[in-house]
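Report on one structure; see the data block that follows.
The values are calculated or read from the model by the stated rules, or taken from the named source; none is laboratory data. Keep in mind that what you see is a predicted model, and the values were worked out from it rather than measured. All Cβ positions, glycine included, derive from the backbone under ideal geometry; neighbour counts span all protein chains shown. Side chains included, ligands, DNA and RNA excluded: accessible areas come from the protein's heavy atoms. Shrake-Rupley method; radii C 1.70, N 1.55, O 1.52, S 1.80 Å.
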Amino acid sequence: DEFELYFQPIRYAADGTPAMLEALLRWPQPDGSFIRPSDFIQLCEDTGLIIVLGRWVIHAAARAQSELAAHGWAGLPVAVNVSAMQLFNSDLLGEFIAATEAYGLAPSALHMELTESSLMHNPTQAMQVLKSLNAHGVVVSLDDFATGFSSMSDLRQLPLESLKIDRCFVTDVERNPRNAAICRALLSLGHSMGLVVVAEGVENQAQLDWLAAHGCDQVQGYLLGRPLPLGEVIALLE
């Protein structure tokens with residue numbers, strides 16, 4: 001019971017209104033510091049504890065969404081990150097169904113994010129899991145897109161709702177021709193497939209202006225809001 005979820009807004013690029021919240025795991029310490037996720041997530045994966053931890057995150061996110069609904073934000077989904085081990089070695093669909101039913105939520109109240117590289121472990125099995133989730137109304141987003149080098153033939157078959165452009169391509173997009181070219185290509189690819197495109201790591205107004213001007217749908221980053229406890233996020237929304 002030492003973990004907490006913080007929440008970072010994902011906003012519409014055109015007008016800044018909130019599109020959803022991403023749940024991010026935090027491990028606060030008695031002295032006020034935090035153990036970084038990069039220091040414990042891999043350990044959890046190596047030991048198999050990520051299954052239990054992932055289950056806790058899904059249920060905590062569902063509880064948070066029900067609290068959002070109580071404050072008038074029922075239509076604001078919460079996105080949770082899922083690891084490759086959860087994808088291939090747990091009953092993800094059952095976890096999402098149990099969590100949403102426990103709090104009386106629609107299946108679409110929780111979104112699932114997974115990285116492109118996690119799909120590459122077993123594309124066939126990943127396809128089966130994602131199709132079952134999609135059939136039950138769970139929305140799936142592909143995180144860190146264009147960093148895992150998955151094949152286009154696999155990508156076009158996945159039941160996805162959105163692609164997230166990795167922050168490494170958003171950095172200096174307004175003045176780095178190569179990053180700008182990559183972002184334009186990813187925006188074009190995502191939109192041609194009927195997907196929502198989200199840019200991560202937006203940290204200044206110039207990046208936001210460039211992304212909005214080039215048709216990016218949603219944006220996320222410190223410029224739009226830092227990860228905060230749910231109560232503070234609700235206060236900001238209100």
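Tabulated results
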| item | result |
| --- | --- |
| Pairwise FRET efficiency - residue 124 versus residue 74, Cβ, R0 = 25 Å, nearest 0.05 | 0.10 |
| Theoretical gain in end-to-end length, residue 33 to residue 185 [0.36 nm per residue, Cα-Cα removed] | 50.7 nm |
| Solvent-accessible area, 1.4 Å probe, carbon plus sulfur percent, for the chain | 53 percent |
| Positive dipole terminus of the chain, leading residue within 10, 177, 115 (C-beta point charges) | 177 |
| Cα gyration tensor shape of the chain, rounded if a/c is under 1.5, else prolate or oblate by comparing a/b with b/c | rounded |
| Cleavage-rule hits, trypsin sites (Lys or Arg not before Pro), the stretch 68-171, DSSP coil, Cβ neighbours within 10 Å at most 13 | 156 |
| Cα gyration tensor shape for the stretch 30-102, rounded if a/c is under 1.5, else prolate or oblate | oblate |
| For residue 79, distant residues with modelled amide H under 5 Å away | 21, 22, 23, 111 |
| Relative contact order for the chain, counting Cα pairs under 8 Å that sit 6 or more residues apart, in percent | 20 percent |
| Helical contribution to [θ] at 222 nm, DSSP H n ≥ 4, -39,500 (n - 2.57), averaged over the chain, rounded to 500 | -13000 deg cm²/dmol |
| Accessible solvent surface per residue of the chain, calculated while the other protein chains remain in place, 1.4 angstrom probe, Å² | 47 Å² |
| Most positive-pole-ward Cα, 85, 142, 216, against dipole of the chain from beta carbon charges | 216 |
| Low-density loop cleavage sites - chymotrypsin sites (Phe, Trp or Tyr not before Pro) in the stretch 134-228, where at most 15 other Cβ are within 10 Å (DSSP) | 149, 222 |
| Within the chain: Cβ-based charge dipole about Cα centre, in debye rounded to nearest 20 (Lys, Arg +1; Asp, Glu -1) | 540 debye |
| Global geometry of the stretch 164-203, whether rounded, prolate or oblate, following the gyration tensor of its Cα atoms and the 1.5 cut on a/c | oblate |
